[in-house]
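All remarks here apply to the structure that follows.
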Amino acid sequence: MTHAAPITRETDWRAVSAELDHRGHAILPGLMSPDACNTLVAMYDENQPFRSRVIMAHHGYGQGEYKYFAYDLPPPVQRLRTTLYPPLAHIANNWARTLGWDVTYPDSHAAYLAACHAAGQLRPTPLLLRYGPGDYNCLHQDLYGDLVFPLQVAILLSRPGEDFEGGEFVLVEQRPRQQSRAEVVPLSQGDAVIFAVNHRPARGTRGPYRVAMRHGVSRLRAGHRHTLGIIFHDAK
């Protein structure tokens, strides 16, 4: 099987950082080509690239299923994880300073994974998700252990309006002493959304404060929807 190079555009990381600071998420349009998306979708029915399969209804996560990749990751997935990490680590370190977290994220993903593995988080977390008619993903956070990289990436592999209907990506933020706020993030095939795993900084009249974030997928009305999830910390 041929794996197309997935990254198709240059990224303005200053603009991404500003959008993440303002909204808690940022979209990278057309990060993956249609051919690269279709290659990953076709991979879902194979066994070799994966370490486990999760039926979401069995765990109360929603409806649908997903598979975690095994090491060694497929080249397109490894390339995305390796190349996206450094600029996101810069943003993560800014967030850590803003919120007073006692952590510094290293410049390379290999160095960060070494810290995860030393802490007993050895299992890879990148995954493919598949939804069919009526499926959905409950609001959640992808934590997996004590070490949590504060940003992750989801890439829509299917075509809205052609491959599926419904199934919108949803973010919900919980601000202190306020009601939760939901936002639907529109995506096209190959678009990536970067978003906070669990907390992000926000600015108020008295300075920065912490906002809790969760994400999910609304109910699919028709068709099938596939997504690639890139999580930068490994799991226990």
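Under 10 Å, Cα contacts only: if you run a Gaussian network model on the chain, which one of Val185, Val170, Val193 comes out with the highest mean-square fluctuation? So, out of Val185, Val170, Val193, the one fluctuating most is Val185. Specify whether the C-alpha gyration tensor of the range 57-205 places it in the rounded, prolate or oblate class, a ≥ b ≥ c being the square roots of the eigenvalues: rounded for a/c under 1.5, otherwise prolate if a/b is larger than b/c and oblate if not. Taking the square roots of the gyration eigenvalues as a ≥ b ≥ c, the range 57-205 is oblate.
If a helix is a whole DSSP H run, which ones in the chain reach 30 Å or further along their own axis (Cα) and hold a mean Kyte-Doolittle hydropathy of at least -1.0?
Qualifying helices, which must be both long enough and hydrophobic enough, are 75-99.
Over the residues of the chain, the helix contribution to mean residue ellipticity at 222 nm works out to -7500 deg cm²/dmol, using -39500 (n - 2.57) for each DSSP H run of at least 4. In the chain the longest region clear of GluC sites (Glu not before Pro) that are loop-assigned by DSSP and have at most 12 other C-beta atoms within 10 Å covers 47-161. Relative contact order, whole percent, for the range 1-131 stands at 24, derived from Cα pairs under 8 Å and 6 or more residues apart.
Under the convention that each Lys and Arg Cβ holds +1 and each Asp and Glu Cβ holds -1, the size of the dipole of the chain around its Cα centre is about 740 debye.
Probe radius 1.4 Å, ligands and nucleic acids ignored: give me the carbon and sulfur share of the accessible area of the range 109-182 as a rounded percent.
For the range 109-182, the apolar C and S fraction of the accessible surface comes to 50 percent.
Over the chain, Cα pairs under 8 Å with separation of 6+ residues give a relative contact order of 28 percent.
The values are calculated or read from the model by the stated rules, or taken from the named source; none is laboratory data. Model, not experiment: these values are computed from the prediction. Because the Cβ atoms are built from the backbone with ideal geometry, glycine has one as well, and the counts that use them run over all protein chains shown. Side chains included, ligands, DNA and RNA excluded: accessible areas come from the protein's heavy atoms. Shrake-Rupley method; radii C 1.70, N 1.55, O 1.52, S 1.80 Å.
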